[in-house]
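Bear in mind that the values in this text are calculations on the coordinates, not laboratory data. Note that the structure is a prediction, hence the values are computed from the model and not measured. Methodologically, a virtual Cβ is constructed for each residue, glycine included, from the backbone with ideal geometry; neighbour enumeration extends over all protein chains shown.
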Amino acid sequence: MESNALSIDFAGLNLPNPTMLASGIMGYSAESFHRIAKSGAGAVVTKSVGSQPRTGYANPTVVQAESGIINAMGLPNPGIDVFTEEIKFSKTILRVPIIVSVFGYSAEDYAAVAKKAADAGADAVELNVSCPHVKQTGAEIGQSPKLLAEIVQQVKAAINKPLIVKLSPNVTDITVLAQAAVEAGADALTAVNTLRAIAIDAETQMPILANKKGGLSGACMKPVALRCVYDIADQYEVPIIGCGGVSNWRDAVEFLLAGASAVQIGTAVADDIEVFQSITKGVENYLRKKNARSVKDIVGLAHRK
Ligand code: RRO
């Protein structure tokens, strides 16, 4: 096995290993990204940032589900003008790529925020077109190939950094959205954001989250996310980041076999920040056991005829 068997060139990003912090976990501070990187993440993705600050929804914003959580944070963020300072500082202390997650209310808005993030030093931009419950943002865009293509085109024209599009699982056929994003210029896709969900309290007889509905993440959604990656990889040769329920090395390997060449970890980080290291170690052992020289040797193997 090569000594750098775990390192990977992902859409122009040099990753020391195929694990990334998923967007939405650990917020916005350079210090927390640094902590995550020191714990072994190959890259970090920020929480989504927009053109203006947003306070987000009232509490409760998170509720425990069976083998997962449901969140409706409501895109709380400090706004890109404040956040650019954090990106610049992150660049001075991080040795792994920082990918800035961006959302907007129109194609122009997305492009303006993405440009500010790229100018501040983001190594790549991940477009959040898939927040499952915030009106006038992700939900409609992530479900419309036409709107999605328009946004991807405008953002692509505004930046010179790799452009990653994070897709929604809340669609009938994810490959239609994947095709729209790729044809409009996306360099890579993240599959997927959270699944639309609700929790209801039998005592109060009411929805638990203040926003009523939210997004389900964690181990319970892994088979759905895995199917999304498999469907996209079956049709397109685009770099894919698998996201949804990755908690251990075996999950990560399953996503690689389905066609992803990197994985994002979100919900599992809240339980154990060392998860990046244990996944990396486990993938390394697996590659050795299977006589594979590198991560890319096993990407997409589950598609063999
Ligand atoms: O902030 C949120 O409530 C949120 C976002 Br932006 C997202 O993309 N996915 C999610 O589950 N929650």
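Is region 188-286 rounded, prolate or oblate when judged by the Cα gyration tensor, a ≥ b ≥ c being the square roots of its eigenvalues, rounded requiring a/c under 1.5 and prolate requiring a/b larger than b/c?
Values: a/c = 3.01, a/b = 1.60, b/c = 1.87.
It is oblate, given that a/c is not under 1.5 and a/b is not larger than b/c.
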Worksheet item: So, in Å, what gap is there between the alpha-carbon centers of region 246-303 and region 1-34?
Response: 12
Item to complete: Run a plain Debye calculation on region 1-69 (Cα atoms as equal point scatterers, no solvent) and give log10 I(q)/I(0) at q = 0.11, 0.19 Å⁻¹, rounded to two decimals, same order as the q list.
Response: -0.41, -0.93
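Could you put Glu237, Glu203, Glu150 in order, starting from the residue whose Cβ has the fewest other Cβ atoms within 10 Å?
Working: Glu237 9, Glu203 5, Glu150 18.
The order, fewest Cβ neighbours first, is Glu203, Glu237, Glu150.
Suppose every K and R has +1 on its Cβ and every D and E has -1 on its Cβ; what is the size of the dipole of region 8-303 about the Cα centre, in Debye to the nearest 20? Display every interim value, and only then the final one.
Working: 26 positive and 28 negative charges, 82 e Å.
The calculation lands at about 400 debye.
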Fill in: Percent of Cα-Cα distances greater than 24 Å, calculated over region 125-248
28
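Sort Tyr286, Tyr110 by Cβ crowding within 10 Å, fewest neighbours at the top. Each step should come with its number before you reach the end.
Numbers: Tyr286 16, Tyr110 27.
Sorted ascending by nearby Cβ count, the order is Tyr286, Tyr110.
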Worksheet entry | Top positive-direction residue, dipole computed over the chain with Cβ charges, set Ile98, Val155, Asn17 | Asn17
Discussion item. For region 78-124, which trypsin sites (Lys or Arg not before Pro) pass both filters: DSSP loop (anything but H, G, I, E, B) and at most 14 other C-beta atoms within 10 Å?
Written reply: Arg95
Worksheet item: Mean separation of Cα pairs under 8 Å and 6+ residues apart, divided by the residue count of the chain: what relative contact order is that in percent?
Response: 20
Worksheet entry | region 67-162 shape via C-alpha gyration tensor axes, a/c threshold 1.5 | oblate
Discussion item. If you average 1/r across every pair of different Cα atoms in the chain and take the reciprocal, what Kirkwood value do you get, in Å?
Written reply: 19.0
Worksheet, complete the sentence: Dipole check, the chain, charges on Cβ (K,R +1; D,E -1), about Cα centroid: among Asn291, Ser48, Gly266 the Cα furthest to the positive pole belongs to Asn291
Worksheet entry | Prolate/oblate/rounded label for region 1-126 (Cα gyration tensor, a/c 1.5) | oblate
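Test of understanding: ordering Cys131, Cys220, Cys243 by Cβ neighbours within 10 Å, fewest first, what list do you get? Spell out each step's value before the answer.
Details: Cys131 25, Cys220 18, Cys243 30.
With the fewest neighbours first, Cys131, Cys220, Cys243 line up as Cys220, Cys131, Cys243.
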